[in-house]
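Trainee: After the structure tokens below, expect a handful of questions from me.
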Amino acid sequence: MGFRRKIVAGNWKMNNTLSEALSLVDGILTNLDASTTTEVILCPAAPLLSALDSHTKNLPKIKLGAQNCSEHVSGAYTGEVSAAMVKSVGCDYVIIGHSERRMCFNENNKQLAEKIKRALENNLSPIFCIGEKKEEREKNIHFNLVKTQITEVLQNFSAKELDKLILAYEPVWAIGTGLTATTQQAQEMHAFIRKVLEETFGKLFADKTPILYGGSCNAQNAKDLFACDDVDGGLIGGASLKASDFCSIINSF
Ligand code: 13P
């Protein structure tokens, strides 16, 4: 990966109350290598963002991301959170299109394109998630499926508009299952994703855009995964909830 940014993001999902979140952040600060050059992004649930922003304001190494934002600008959408709100409480990033959002909340590619538009309008970096289900890999349609996820969502943007984009390859069969992709499976798919980016947006864009791996990435396997040429870091679920494990992952480059 060499010249690209190194990024480790923790997706806390629907875990941690405010007091638990503050202790986790303190644990991360205690364990974090002060000389790390890795971008560290914490993605707590939306109600915790403002307090965590105050708690981490003087820590340039720790950035905040939301787990989702609405495709709408504002208005009568009870329970939803807008990109502008997320930005206003200190986020620089927002996860878009996580497989749990696609599966549990029926988010589709058209909607995800709108969410990315809202994120970019608010100067947020979208962490756009893609990845196949187990049965799609078994049918050997995983490459085509991932290509469709990328092109259908990103086709109407220019490379310039997507300057802040981060991609996260998260094979659904690896999420929360302990079944991590092998380094060969991860590298092969990441290289393919970079090729799709090159065909769609040109080589410069493909070469600089970070592609993270997610799915049972942990303190034991992160080093091997991050050593793959086209893996630029990780989007971490379960292992991001334990400070020592998360920091080991951050130190795995
Ligand atoms: P796990 O690391 O728990 O498998 O979750 C990955 C994920 O979904 C991150 O977004």
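Trainee: Most fluctuating residue of THR56, THR182, THR200 in a GNM of the chain with Cα springs under 10 Å: which is it?
Mentor: It is THR182.
Trainee: Just the Cα atoms of the chain, one point each, no solvent: what log10 I(q)/I(0) does Debye give at q = 0.12 Å⁻¹?
Mentor: -0.64
Trainee: Right, here's the next one. Give the carbon-plus-sulfur fraction of the accessible surface of the chain in %, rounded to a whole number; probe 1.4 Å, heavy atoms of protein chains only.
Mentor: Reported share for carbon and sulfur atoms: 52 percent.
Trainee: While we're here: Any of LYS6/LYS242; LYS61/LYS133; LYS134/LYS160; LYS195/LYS242; LYS117/LYS223 with alpha carbons more than 32 Å apart? Name them for me.
Mentor: The pairs that break the limit, which is 32 Å between Cα atoms, are LYS61/LYS133; LYS134/LYS160; LYS195/LYS242; LYS117/LYS223.
Trainee: Here is a follow-up. Could you work out the relative contact order of the range 51-99, using alpha carbon pairs under 8 angstrom and six or more residues apart, expressed as a whole percent?
Mentor: 44
Trainee: Once phi is turned into ³J(HN,Hα) by the Karplus curve 6.51 cos²θ - 1.76 cosθ + 1.60 with θ = phi - 60°, what whole-Hz value does each residue of the range 196-213 show in order, with x for glycine and proline?
Mentor: 4, 5, 5, 4, 8, 10, x, 5, 4, 4, 4, 5, 9, 6, x, 10, 8, 9
Trainee: Could you give the length gained on full extension between LYS195 and SER23, defined as 0.36 nm per residue of separation minus the Cα-Cα distance, in nm?
Mentor: So the extension gain works out to 57.8 nm.
Trainee: Also: Taking Cα centroids, how far is the range 134-174 from the range 9-75 in Å?
Mentor: One Cα centre to the other: 25 Å.
Trainee: Along the positive direction of the dipole of the range 1-72 (beta-carbon charges: Lys, Arg +1; Asp, Glu -1; about the Cα centre), which of ALA46, THR36, ASN15 reaches farthest?
Mentor: Farthest towards the positive end: THR36.
Trainee: Normalised by the number of residues in the range 59-130, what is the relative contact order in percent for Cα pairs under 8 Å and 6+ residues apart?
Mentor: 38
Trainee: I've got another one for you. Kindly report the accessible area of the range 52-142 per residue (heavy atoms of protein chains, probe 1.4 Å, no ligands, DNA or RNA), in Å².
Mentor: 49
The values are calculated or read from the model by the stated rules, or taken from the named source; none is laboratory data. What you are looking at is a predicted structure, and each value in this text was computed from that prediction instead of being measured. With ideal geometry, Cβ positions are generated from the backbone for all residues, glycine too; neighbour counts draw on all protein chains shown. Ligands, DNA and RNA are stripped out before the accessible areas are found, and what is left, the full protein with its side chains, is counted by its heavy atoms. Shrake-Rupley method; radii C 1.70, N 1.55, O 1.52, S 1.80 Å.
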